[in-house]
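The values are calculated or read from the model by the stated rules, or taken from the named source; none is laboratory data. The shown structure was predicted, so the numbers you read here are calculated from the model rather than taken from an experiment. Cβ: placed from backbone, ideal geometry, glycine included. Neighbour counts: every protein chain shown. Areas reflect the complete protein model, heavy atoms only, side chains present, ligands, DNA and RNA absent. Shrake-Rupley method; radii C 1.70, N 1.55, O 1.52, S 1.80 Å.
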Amino acid sequence: MNTLLEVRSGPAYYACKANVLENLEVKLSKGNIRKVLVIHGRKSWEVTEPFFPSLENIETIFFTYGGECSDPEIERVKKAALEHGADALIGIGGGKLLDLAKSAGNSLQKEIILIPTWLPPVLPGHR
């Protein structure tokens with residue numbers, strides 16, 4: 001008899017549409033989220049900043065990650081989230097950063113919002 005129970009769930013909410021970040025504050029407020037820790041990398045923030053809304057009624061703490069999803073980095077994010085009393089973690093970036101946000105958020109049992117970014121590859125001779 002196989003006693004393994006395997007559950008593969010997806011996000012509770014998923015949106016993919018033009019200008020989707022314009023609704024971020026409304027979605028956070030509906031979830032009773034008042035304070036967020038926004039985790040980002042340098043490049044991912046450069047790409048996202050022009051589109052990231054001003055969250056008028058949500059306290060926003062920005063946190064630059066160290067470039068890897070490692071145990072020490074997870075602990076650093078968790079410490080920042082706890083120190084600031086974040087209700088949720090917002091991860092902005094690529095795979096490692098999103099994994100970091102998920103790991104820290106799951107460990108803290110906080111809501112996790114993921115904003116994936118994509119940077120086009122740099123072609124040789126085109127910087």
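Check segment 63-78 and report whether any residue there is at pLDDT below 95 and either open to solvent by 80 Å² or more (accessible area, probe 1.4 Å) or of a type in the set (A, V, I, L, M) (or both).
Checked segment 63-78: at least one residue is at pLDDT below 95 and either open to solvent by 80 Å² or more (accessible area, probe 1.4 Å) or of a type in the set (A, V, I, L, M) (or both).
Going through segment 30-59 one residue at a time, which ones are open to solvent by 40 Å² or more (accessible area, probe 1.4 Å), out of contact with any helix residue (DSSP H, G or I) (no Cβ under 7 Å at 6 or more places or on another chain) and either in a helix (DSSP H, G or I) or of a type in the set (S, T, N, Q) (or both)?
Listed by number, the residues that qualify are Lys30, Asn32, Arg42, Lys43, Trp45, Glu46, Val47, Glu49, Pro50, Ser54.
Could you list, ordered by first residue, the pairs with Cβ atoms under 8 Å in which the first is in segment 92-104 and assigned to a helix (DSSP H, G or I) and the second is small (Gly, Ala, Ser) and crowded, with 24+ Cβ neighbours inside 10 Å, at least 6 apart or interchain?
Every condition considered, the pairs that remain are Leu97/Gly91; Leu98/Gly91; Leu100/Gly91; Ala101/Gly91; Lys102/Gly91; Ala104/Ala81.
Across segment 79-88, which residue is most open to solvent (accessible area, probe 1.4 Å) among those that are free of Cβ contacts under 8 Å to residues at least 60 places away in the same chain and under 13 Å from the mean Cα position of the chain (by Cα)?
Asp87
Please work out if Ile115 is surrounded by 12 or more Cβ atoms within 10 Å (Cβ to Cβ), under 25 Å from Gly10 (Cβ atoms), modelled with pLDDT of 95 or more and among the β-branched types (Val, Ile, Thr).
It is false that Ile115 is surrounded by 12 or more Cβ atoms within 10 Å (Cβ to Cβ), under 25 Å from Gly10 (Cβ atoms), modelled with pLDDT of 95 or more and among the β-branched types (Val, Ile, Thr).
If a residue must be open to solvent by 90 Å² or more (accessible area, probe 1.4 Å) and assigned to a loop (DSSP other than H, G, I, E, B), how many such residues does segment 1-29 contain?
Residues in segment 1-29 being open to solvent by 90 Å² or more (accessible area, probe 1.4 Å) and assigned to a loop (DSSP other than H, G, I, E, B): 16 in total.
Do we find that Ser44 is free of Cβ contacts under 8 Å to residues at least 60 places away in the same chain and polar (S, T, N, Q) in this structure?
no
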